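K.L.:
Dropping the structure in here first, questions after.
The values are calculated or read from the model by the stated rules, or taken from the named source; none is laboratory data. Small disclaimer: the values here were computed from a predicted structure and weren't measured. Every residue, glycine as well, gets a Cβ built from its backbone with ideal geometry; the counts of neighbours run over all protein chains shown.
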Amino acid sequence: MSEKHTLAIIIGSVREGRFGPVVASWVAEQARVHGGFDVEVVDLADVELPLSLPATPPKFAGDSYPRPEAMAPLTSSLAGADAFILVTPEYNHSYPASLKAAIDWHYTHWTAKPVAFASYGGAGGGRHAVLHLENVLTELHAVTIRESLAFPNYFATWQDGQPLDAEAPGYAKALLDQLAWWSAALRPARDATPYPA
Ligand SMILES: Cc1cc2nc3c(=O)[nH]c(=O)nc-3n(C[C@H](O)[C@H](O)[C@H](O)COP(=O)(O)O)c2cc1C
């Protein structure tokens, strides 16, 4: 296994004309500059994500969970990731259904792994979405990171693919430092002992 840990940055929105890829690409650039991770951007718009789930929950079906064939690249990216950053907008004070579907089709892929958030939206900067995600990911035995990137009124505060706030790269570094710390702590722990979920 490589020295560097794998970070999957997930674009949560799949809407036509979405802003998500702009945020994800800036976050990916910050992660590359940080240098602590091999970075992969995962776009949920490229994935088949049916709302109808199989009869048995993924928690009990394990690796034999019958996912659509076209979901295999997503499943493989989630399985191979040591850490995640979920890039999420706020839809009606929560996060998009596409992100919930991607989460619900998987289970062990999140277990004992650190997850951080980059959110955007109107005045609240997507914080309602993040509060809901923190709650959901706790159920999946993931570890959510305290530092978070929130971009309020993104339509007025980004230009040419960059946030105008000069402090933003510093906030990203703080988040990535915490994510790297948890990733370094949890990967050997997962390798040494199966998590008692
Ligand atoms: C269905 C829907 C609901 C929305 N609800 C909220 C909301 O509750 N709070 C907010 O700040 N923005 C809300 N917005 C505005 C989004 O934050 C904004 O459209 C953002 O660009 C969505 O991300 P996306 O472009 O990646 O899809 C909503 C947008 C949509 C499409």
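K.L.:
Hey, S64 hits all of (1) more than 25 Å from E147 (Cβ to Cβ); (2) modelled with pLDDT of 95 or more; (3) loosely packed, with under 14 Cβ neighbours inside 10 Å but one; which does it fall short on?
P.N.:
Condition not satisfied by S64: (2).
K.L.:
If A70 satisfies every condition in (1) part of a helix (DSSP H, G or I); (2) surrounded by 14 or more Cβ atoms within 10 Å (Cβ to Cβ); (3) in contact with an Asp or Glu (Cβ under 7 Å, 6 or more places away or on another chain) but one, which is the exception?
P.N.:
All conditions pass for A70, except number (2).
K.L.:
What's the total number of residues in region 75-94 that are more than 15 Å from A45 (Cα to Cα) and assigned to a strand (DSSP E or B)?
P.N.:
5
K.L.:
Pairs under 6 Å by beta carbon, first residue closer than 23 Å to G62 by Cβ in region 180-197, partner aliphatic (A, V, I, L, M) and surrounded by 15 or more Cβ atoms within 10 Å (Cβ to Cβ), six or more apart or different chains?
P.N.:
Going by the 6 Å Cβ cut-off, the qualifying pairs are L186/A112; R190/A112; Y195/A112.
K.L.:
Return a yes/no flag: does region 90-109 have any residue that is out of contact with any Pro (no Cβ under 8 Å at 6 or more places or on another chain), within 15 Å of the ligand (Cβ to nearest atom) and over 23 Å from E16 (Cβ atoms).
P.N.:
no
K.L.:
Kindly list the number of the only condition in (1) touching a Leu at 6+ places or on another chain (Cβ under 7 Å); (2) surrounded by fewer than 17 Cβ atoms within 10 Å (Cβ to Cβ) that fails for L86.
P.N.:
(2)
K.L.:
Another one. For T88, are the conditions met, namely being without any contact (Cβ under 8 Å) to a residue 24 or more places away in the chain and either of a type in the set (K, R) or over 19 Å from S183 (Cα atoms) (or both)?
P.N.:
no
K.L.:
Out of the residues in region 113-135 that are surrounded by 20 or more Cβ atoms within 10 Å (Cβ to Cβ) and among the aliphatic types (A, V, I, L, M), state the one that is nearest to the ligand (Cβ to nearest atom).
P.N.:
Only one residue fits best here, namely A129.
K.L.:
Under the condition of being among the aromatic types (F, W, Y) and in a helix (DSSP H, G or I), which residue from region 131-157 is farthest from the chain's Cα centre (by Cα)?
P.N.:
It comes out as F155.
K.L.:
Now a separate question. On the basis of being among the polar types (S, T, N, Q) and away from the ligand (no atom under 16 Å from the Cβ), does S25 make the cut?
P.N.:
no
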